[in-house]
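The values are calculated or read from the model by the stated rules, or taken from the named source; none is laboratory data. Values in this document were obtained by computation on a predicted structure and should not be read as measured data. Using ideal geometry, Cβ is built from the backbone for each residue, glycine included, and neighbour counts are taken over all protein chains shown. Just so you know, the surface numbers come from the protein's heavy atoms only, side chains and all, with ligands and any DNA or RNA stripped out. Shrake-Rupley method; radii C 1.70, N 1.55, O 1.52, S 1.80 Å.
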There are 2 protein chains.
Amino acid sequence: MILRDLIERKRDGGRLSSDEWREVAQAAANGSVPDYQLAALLMAIFWRGLDDAETSALTSAMLATGNVLHRPEGAAPWIDKHSTGGVGDKTSLILAPLLASVGVTVPMMSGRGLGHTGGTLDKLESIPGFRTDLSLTRAESQLEAIGCALIGQTTEIAPADRRLYALRDATATVECIQLIAASIMSKKLAEGLTGLVLDVKRGSGAFLPELDRGLALARTMIALGAASGVPVVALVTAMDRPLGDACGNALEVRECLDALRGDGPVDLRTVTDALAVEMLRLARPSVAVADARATLRDAITSGAAFDKFRQIVAAQGGDVRAVDDPTLLPTATDIGDVLADREGVVHALPPRPIGHAIIALGGGRTRTDDVIDPAVGVIFRVRVGDTVRAGQPLATVHAGSPSALTDGRHRLSGIIRLGDGPPPDGVLPWVSHRVTTGGVEEYRAE
Amino acid sequence: MILRDLIERKRDGGRLSSDEWREVAQAAANGSVPDYQLAALLMAIFWRGLDDAETSALTSAMLATGNVLHRPEGAAPWIDKHSTGGVGDKTSLILAPLLASVGVTVPMMSGRGLGHTGGTLDKLESIPGFRTDLSLTRAESQLEAIGCALIGQTTEIAPADRRLYALRDATATVECIQLIAASIMSKKLAEGLTGLVLDVKRGSGAFLPELDRGLALARTMIALGAASGVPVVALVTAMDRPLGDACGNALEVRECLDALRGDGPVDLRTVTDALAVEMLRLARPSVAVADARATLRDAITSGAAFDKFRQIVAAQGGDVRAVDDPTLLPTATDIGDVLADREGVVHALPPRPIGHAIIALGGGRTRTDDVIDPAVGVIFRVRVGDTVRAGQPLATVHAGSPSALTDGRHRLSGIIRLGDGPPPDGVLPWVSHRVTTGGVEEYRAE
């Protein structure tokens, strides 16, 4: 393979064969081609796109450069959920134990915070001792023992994707539907799944804010799943405002523990329930929606889901006492409210600046080697559309120092938008569309 | 400067400011940004192009990363010629001494063979002892002493261009008009010129085969020259067949020595004369074309041009005896003819496969570290349109071994196309257009 010639062909709008994609992925994984040629190819792909067959070939090729989780013959269904990312987006921590507690195996491989968004691994690691760097062998044992493992992308998984992803981040070639889909699916297919639920965020805080781009991604991933015999269902959910009240790692774990006990913010429960029903129905297609809903509700009220979370924490080295008593989770030293400086209506809680404010508090990264403070973050006390009086608390900032608190309160004051009359942009429905191989339909909770 | 953000802006069709291009060029020169980001930027430029101001800013910025030749106050005009490259394209070796012999200083910085085309440096180095790696200081002294220096692009000149050029070659981003123009002009402006003649090749053997692309390049370079106060005139010449009879380094030097004595193929003289007149008129704008032509003819017939070539060879360490007696130039060990296998008409002598055949003989490079054999090459014995009889010699192959000769004869037999009736594609006029700031005109030799 002469990579220069493949770059030229893609540059001119041509296509690469499956064999050529396999060679590209292998060369990316084993380091036999230089980064600058891969970078030029990525920009040519960004420009010209990939057709369905190419996207599928690239996905399979990246998958084949690494190891995979092996689902035992005759085992229970293996189902995962993937979100395109957001602020306060913490459903994974609830869904994984919830589904595992009703007999669905959840091999969940997650990422760290990226840009303005948080990451499941960072949230989990705010539980003292919790390890996410399990080997695939250990993850397989844990999946067999307790039906769930919450792990990071090890170096064993799709090394070609790891290298290409790092290059995309540095070369402004991230926002390409086919590359996003191939990257996600190369990792998800490595989990040995029998089904995948995709949470496609839309709105200003989503990586792809426009609905049509989100739907295009969903359709591409559904097609990639179908090509590999893995059914994929996507829900389109809102990210024009944070999900739930808590934003920040330990704060979000606390909110998830509430949700696993049947409490917590209603918007978080709405999105989580919708995703849970899809996961359960992928595992058991013959079960009616109402029955699925009842099964999941029982798992919460009986304490089975909460207990499963305790098992996962224990299995992965975490301190179970912090699950039982969340005051043992990391706690910020400097806490203070952001007060409304006028009366009015909350017009916007824009996720991107909120995400950046949390990074500024030390709760996220601007470089991959930044160390984060798990305790810091923000708890929102109001929702978009709420009427507030002057002096009312809008949010509580959890910071690591008095100066960080001052800075955080100042930032949040500038971010939370108050106005008169109803919010001019309205709000997006929390769950708006459902996408399957059959097409796109408006979502209705039955 | 965050290069990622500049890549993103260019990717989305935006423009970079002059300050930003300066930072990009400086970072490329000093190595403070990684190759993969430059590669992604190059592909984004290939996609979106550069506007005139950006092309000019990039040219100036690349120029400013290195040193330049200094033309003394009040010195004679400094004029160079640049060709976009071809097979058998040897006019530099004639033009440089010819113009220097009539009082025009020629600071000529040339390149090596690239792709299917030959390079002036490789041709010169077939003269035993000839050194092209002069420092700028030594080149300045030689220019003052004898009015000509034939040198390579030293590491002192436009280091940003060196790095970007090497990346372009490996990332399929060479054929971009603005990048080609900026690369050439950043080096030419470093020569301290008062005028530049551009030889834009067109036809199947040119890097930009189509006339309109060649004209676009000419116009871009003329505008870049104008922005720096350096008049540029371009001639469009044919590269649908080799120029002259000889292709291969020492063989071409022999043909140039013939031309400097007033002999040699008429097509080579036609192109060389046209370029020489333009160079002389840039040096002395008030001189009429007929007078310029007469001055140049006299320099050949008097032996002044030939003598200037001897001076240059002596000044640059070459063996002058090989100039006086070309049999002392490197000579191939295995020489044999390619015979016509039928009677007919020569329909095509396509330059690209001919260039690749010379590389296969060892007379060119496929990698920059290949060592070339200066003696090998091909002398054509017929022209496109000639009627030949079966068994007539079409070309003479000069090879380095009996097996290479066999292989070379076989290749050339396959390349030289014979047919019936006149050549279906005809031939391009050797000099077809003249381009100045005033526009494009059809070329007519006066």
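Which of the numbered conditions does B:E175 fail, given that it passes all the others? Conditions: (1) within 14 Å of another protein chain (Cβ to nearest Cβ); (2) open to solvent by 30 Å² or more (accessible area, probe 1.4 Å); (3) in contact with a Ser or Thr (Cβ under 8 Å, 6 or more places away or on another chain); (4) over 20 Å from B:L121 (Cα atoms).
(3)
Go through the residues of the stretch B:132-140 one by one and say whether even a single one is at pLDDT 95 or above, of a type in the set (G, A, S) and crowded, with 20+ Cβ neighbours inside 10 Å.
Checked against the condition, which is being at pLDDT 95 or above, of a type in the set (G, A, S) and crowded, with 20+ Cβ neighbours inside 10 Å, the stretch B:132-140 yields at least one hit.
Being under 30 Å from B:R213 (Cα atoms), among the small types (G, A, S) and more than 22 Å from the chain's Cα centre (by Cα): is that true of B:G229 here?
yes
State yes or no: is B:A170 over 17 Å from B:S83 (Cβ atoms), touching a Gly at 6+ places or on another chain (Cβ under 7 Å) and either crowded, with 22+ Cβ neighbours inside 10 Å or within 14 Å of chain A (Cβ to nearest Cβ) (or both)?
no
If a residue must be in contact with a Lys or Arg (Cβ under 7 Å, 6 or more places away or on another chain) and within 23 Å of B:R367 (Cβ to Cβ), how many such residues does the stretch B:172-194 contain?
Selection size over the stretch B:172-194: 3.
What are the residues in the stretch A:1-59 that are acidic (D, E) and within 17 Å of B:I7 (Cβ to Cβ), if any?
Listed by number, the list holds a single entry, A:D35.
From the list B:A375, B:A390, B:A395, exactly one residue is of a type in the set (A, V, I, L, M, F, W, C), surrounded by fewer than 17 Cβ atoms within 10 Å (Cβ to Cβ) and not in a helix (DSSP H, G or I). Which is it?
From the options B:A375, B:A390, B:A395, the qualifying one is B:A390.
Scan the stretch B:330-348 and give yes if some residue there is within 30 Å of B:A149 (Cβ to Cβ) and part of a helix (DSSP H, G or I), otherwise no.
Scanning the stretch B:330-348, I find no residue that is within 30 Å of B:A149 (Cβ to Cβ) and part of a helix (DSSP H, G or I), so the answer is no.
When you go through A:A315, A:A322, A:A292 one by one, which is the residue that is under 24 Å from the mean Cα position of the chain (by Cα), under 13 Å from A:A100 (Cβ atoms) and at pLDDT 95 or above?
So the residue among A:A315, A:A322, A:A292 that is under 24 Å from the mean Cα position of the chain (by Cα), under 13 Å from A:A100 (Cβ atoms) and at pLDDT 95 or above is A:A315.
Restrict the check to the stretch B:349-356 and report whether at least one residue is crowded, with 22+ Cβ neighbours inside 10 Å, part of a helix (DSSP H, G or I) and not small (G, A, S).
Checking the stretch B:349-356: at least one residue is crowded, with 22+ Cβ neighbours inside 10 Å, part of a helix (DSSP H, G or I) and not small (G, A, S).
Among the residues of the stretch B:4-11, are any more than 9 Å from chain A (Cβ to nearest Cβ) and either surrounded by fewer than 20 Cβ atoms within 10 Å (Cβ to Cβ) or over 22 Å from A:A28 (Cα atoms) (or both)?
Looking through the stretch B:4-11, none of the residues is more than 9 Å from chain A (Cβ to nearest Cβ) and either surrounded by fewer than 20 Cβ atoms within 10 Å (Cβ to Cβ) or over 22 Å from A:A28 (Cα atoms) (or both).
Would it be correct to say that B:F309 is open to solvent by less than 20 Å² (accessible area, probe 1.4 Å), over 29 Å from B:I151 (Cβ atoms) and either touching a residue at least 60 places away in the same chain (Cβ under 8 Å) or of a type outside the set (F, W, Y) (or both)?
Judged against the criteria, B:F309 is not a match.
Considering only the stretch A:278-295, I want to know if a residue exists there that is surrounded by 17 or more Cβ atoms within 10 Å (Cβ to Cβ), within 27 Å of A:S135 (Cα to Cα), touching a strand residue (DSSP E or B) at 6+ places or on another chain (Cβ under 9 Å) and among the charged types (D, E, K, R).
No, the conditions are met nowhere in the stretch A:278-295.
In the stretch A:220-251, what residues are in a loop (DSSP other than H, G, I, E, B), out of contact with any Gly (no Cβ under 9 Å at 6 or more places or on another chain) and touching a residue at least 12 places away in the same chain (Cβ under 8 Å)?
Listed by number, the list holds a single entry, A:S228.
Please go through the stretch A:256-284 and give me each residue that is touching a Gly at 6+ places or on another chain (Cβ under 7 Å), part of a helix (DSSP H, G or I) and over 19 Å from A:R202 (Cα atoms), ordered by number.
Selection gives A:D258, A:L282, A:A283.
Before we move on, is B:A304 under 24 Å from B:C148 (Cα atoms), at pLDDT 95 or above and either surrounded by 16 or more Cβ atoms within 10 Å (Cβ to Cβ) or in the same structural domain as B:R202 (by TED's automatic domain parsing) (or both)?
yes
Tell me, please, whether a residue that is more than 19 Å from the chain's Cα centre (by Cα), within 14 Å of chain B (Cβ to nearest Cβ), polar (S, T, N, Q) and not in a strand (DSSP E or B) can be found in the stretch A:131-149.
Scanning the stretch A:131-149 turns up no residue that is more than 19 Å from the chain's Cα centre (by Cα), within 14 Å of chain B (Cβ to nearest Cβ), polar (S, T, N, Q) and not in a strand (DSSP E or B).
Restricted to the stretch B:411-427, and to residues that are outside any helix (DSSP H, G or I) and open to solvent by 40 Å² or more (accessible area, probe 1.4 Å), which residue is nearest to B:A238 (Cα to Cα)?
Ranking the qualifying residues of the stretch B:411-427, first place goes to B:V427.
Name every residue in the stretch A:22-31 that is buried (at least 22 other Cβ atoms within 10 Å of the Cβ), under 21 Å from B:T173 (Cβ atoms) and away from chain B (no Cβ under 13 Å), in order of residue number.
Within the stretch A:22-31, just A:V24 meets the criteria.
Checking B:F207 against (1) in contact with a Ser or Thr (Cβ under 7 Å, 6 or more places away or on another chain); (2) away from every other protein chain (no Cβ under 14 Å); (3) farther than 16 Å from B:T91 by Cα, which test does it fail?
(2)
Looking only at the stretch B:32-79, filter to residues that are assigned to a helix (DSSP H, G or I) and open to solvent by 60 Å² or more (accessible area, probe 1.4 Å); which one of those is farthest from the other protein chains (Cβ to nearest Cβ)?
The qualifying residue farthest from the other protein chains (Cβ to nearest Cβ) is B:D52.
For A:S183, work out the one condition from (1) within 14 Å of chain B (Cβ to nearest Cβ); (2) among the hydroxyl-bearing types (S, T, Y); (3) within 22 Å of A:L224 (Cα to Cα) it doesn't fulfil.
If we test A:S183 against (1) within 14 Å of chain B (Cβ to nearest Cβ); (2) among the hydroxyl-bearing types (S, T, Y); (3) within 22 Å of A:L224 (Cα to Cα), just (1) comes out false.
Within the stretch A:312-330, which residues are without any contact (Cβ under 8 Å) to a residue 60 or more places away in the chain and polar (S, T, N, Q)?
Hit for the stretch A:312-330 is A:T327, nothing else.
May I ask you to list the residues in the stretch B:316-347 that are surrounded by 18 or more Cβ atoms within 10 Å (Cβ to Cβ), among the hydrophobic types (A, V, I, L, M, F, W, C) and out of contact with any strand residue (DSSP E or B) (no Cβ under 8 Å at 6 or more places or on another chain)?
Those that are surrounded by 18 or more Cβ atoms within 10 Å (Cβ to Cβ), among the hydrophobic types (A, V, I, L, M, F, W, C) and out of contact with any strand residue (DSSP E or B) (no Cβ under 8 Å at 6 or more places or on another chain): B:A322, B:V323, B:L329.
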